1. How about the range 48-148: which helices (runs of 4 or more DSSP H) wholly inside it have at least 2 residues that are under 16 Å from the mean Cα position of the chain (by Cα)?
2. For the range 171-188: of the residues being in contact with a helix residue (DSSP H, G or I) (Cβ under 7 Å, 6 or more places away or on another chain) and in a loop (DSSP other than H, G, I, E, B), which is nearest to residue 124 (Cα to Cα)?
3. Scan (1) within 26 Å of residue 202 (Cβ to Cβ); (2) at pLDDT below 95 for the single condition residue 101 breaks and write down its number.
4. So, residue 54, is that one surrounded by fewer than 23 Cβ atoms within 10 Å (Cβ to Cβ) and touching a Leu at 6+ places or on another chain (Cβ under 6 Å) or not?
5. Does residue 224 meet the test of being closer than 20 Å to residue 337 by Cβ, modelled with pLDDT of 95 or more and in contact with a strand residue (DSSP E or B) (Cβ under 6 Å, 6 or more places away or on another chain)?
6. List the residue pairs whose Cβ atoms are under 6 Å apart, where the first residue sits in the range 152-180 and is free of Cβ contacts under 8 Å to residues at least 40 places away in the same chain, the second is surrounded by fewer than 16 Cβ atoms within 10 Å (Cβ to Cβ) and assigned to a loop (DSSP other than H, G, I, E, B), and the two are 6 or more positions apart or on different chains.
7. When you look at residue 227, is it over 30 Å from residue 322 (Cβ atoms) and in contact with a helix residue (DSSP H, G or I) (Cβ under 7 Å, 6 or more places away or on another chain), yes or no?
8. Any idea which of (1) assigned to a loop (DSSP other than H, G, I, E, B); (2) at pLDDT below 95; (3) more than 24 Å from the chain's Cα centre (by Cα) is the one residue 340 doesn't satisfy?
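The values are calculated or read from the model by the stated rules, or taken from the named source; none is laboratory data. Here the structure is a predicted model, which means the values were calculated and not measured. Note that each Cβ is placed from the backbone with ideal geometry, even for glycine, and that neighbours are counted across all protein chains shown.
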Amino acid sequence: MEPQSSSFPHYKVAIALLTYNNRDLLEQFLQPIIDTTPQNGDYGIFVIDNASTDNTQEYLQQFKDRIHIVTVKVNKGFTNGYKVGLAQIDADIYCMISSDVEVSPGWLEPVIDVFDNDQAVAVVQPKIKSWHRKDEFEYAGASGGYIDYQGYPFCRGRIFYTIEKDTGQYDDVQEVFWASGACFFIRAELYHSSGGLDDDFYAHMEEIDLCWRLKNQGHKIMVCPQAEVYHVGGAVIAYGSPQKVYRNHRNNLIMLMKNLPSNEVFWKIFLRLLMDALAFLNMIGRGQVKASFSIISAHWNFFLNLGKWRAKRNAIQRQVSVHSTTGIFPKSIVFAYFRHGKSKFSALRWP
């Protein structure tokens with residue numbers, strides 16, 4: 001959705017927190033955002049209320065001298081909440097931040113410096129650590145996201161079930177493949193011109209898809225570990241739940257269909273289907289029967305809507321300037337991890 005004429009002031013940076021029936025999280029994490037955001041006119045804080053039915057709106061009134069409230073009338077999912085909310089916000093840079101993220105002092109300025117120093121940068125994420133275990137990285141983002149050649153996502157600091165302790169081993173600012181939606185900074189103009197988050201994803205992997213599109217347009221995705229935030233994780237949809245399994249498998253297939261080069265798209269999707277079959281059997285063997293059948297449901301939905309995904313692909317491929325491979329591990333992360341025991345990012349061997 002293109003930006004509309006806004007009733008709010010223009011800001012260099014707009015911090016946009018999306019919430020739905022999360023007053024408990026707002027009570028815990030909104031105040032630190034307010035406390036660490038400079039009051040110099042460059043930064044604005046927006047809470048996008050995604051049609052909450054609790055007393056979120058009543059709670060937010062006490063902060064109206066420091067925040068702007070954007071109300072979404074009908075909740076149509078995570079991606080739609082941002083689609084409707086960001087269209088009303090006038091800024092140079094959006095910071096999309098989850099309601100279950102705790103920020104730390106000085107979390108903003110290093111990220112903005114990365115944007116200011118390189119106009120090719122489209123997206124930046126801070127270092128994302130676990131709120132429960134603050135010496136560890138967090139599952140959803142860690143110190144920057146990558147994918148392997150089959151489309152499996154992993155992070156610098158987290159591969160599959162292994163989460164590393166943060167000892168400063170990944171503290172360099174560098175280009176990655178994707179940035180985590182838990183705390184996602186993006187140039188507003190590029191957000192809108194690229195189509196933003198794909199509303200058909202509803203939730204999960206929508207940020208990887210957006211980053212892939214931007215990389216194929218010639219832009220950079222960066223991680224800035226000098227800025228730190230702490231993510232609760234699983235507060236909205238629990239890790240390993242049938243709903244999350246369904247959306248991860250379905251959305252990954254859609255993402256591959258949309259973004260892969262023409263000479264790779266069909267054989268890589270076929271390979272992913274075979275790998276998903278192995279994942280199904282593995283989950284059955286671990287007793288995760290309900291979650292395992294979510295994989296089958298994901299495949300059905302993907303094929304039933306194949307025409308829609310192909311139409312999206314055709315539109316996106318017309319915007320491609322180069323099929324970027326920066327941040328794509330050219331081997332199988334599945335085999336590296338499960339067969340060869342490469343459980344740490346630093347153990348991976350890149351050609």
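1. Numbers: elements: 56-60, 78-86, 109-117.
It comes to 78-86.
2. 179
3. (2)
4. Details: surrounded by fewer than 23 Cβ atoms within 10 Å (Cβ to Cβ): yes; touching a Leu at 6+ places or on another chain (Cβ under 6 Å): no.
No.
5. Working: closer than 20 Å to residue 337 by Cβ: no; modelled with pLDDT of 95 or more: yes; in contact with a strand residue (DSSP E or B) (Cβ under 6 Å, 6 or more places away or on another chain): yes.
When the stated conditions are applied, residue 224 does not pass them.
6. 165/135
7. Values: over 30 Å from residue 322 (Cβ atoms): no; in contact with a helix residue (DSSP H, G or I) (Cβ under 7 Å, 6 or more places away or on another chain): yes.
No: the conditions fail for residue 227.
8. Of everything listed in (1) assigned to a loop (DSSP other than H, G, I, E, B); (2) at pLDDT below 95; (3) more than 24 Å from the chain's Cα centre (by Cα), residue 340 misses just condition (2).
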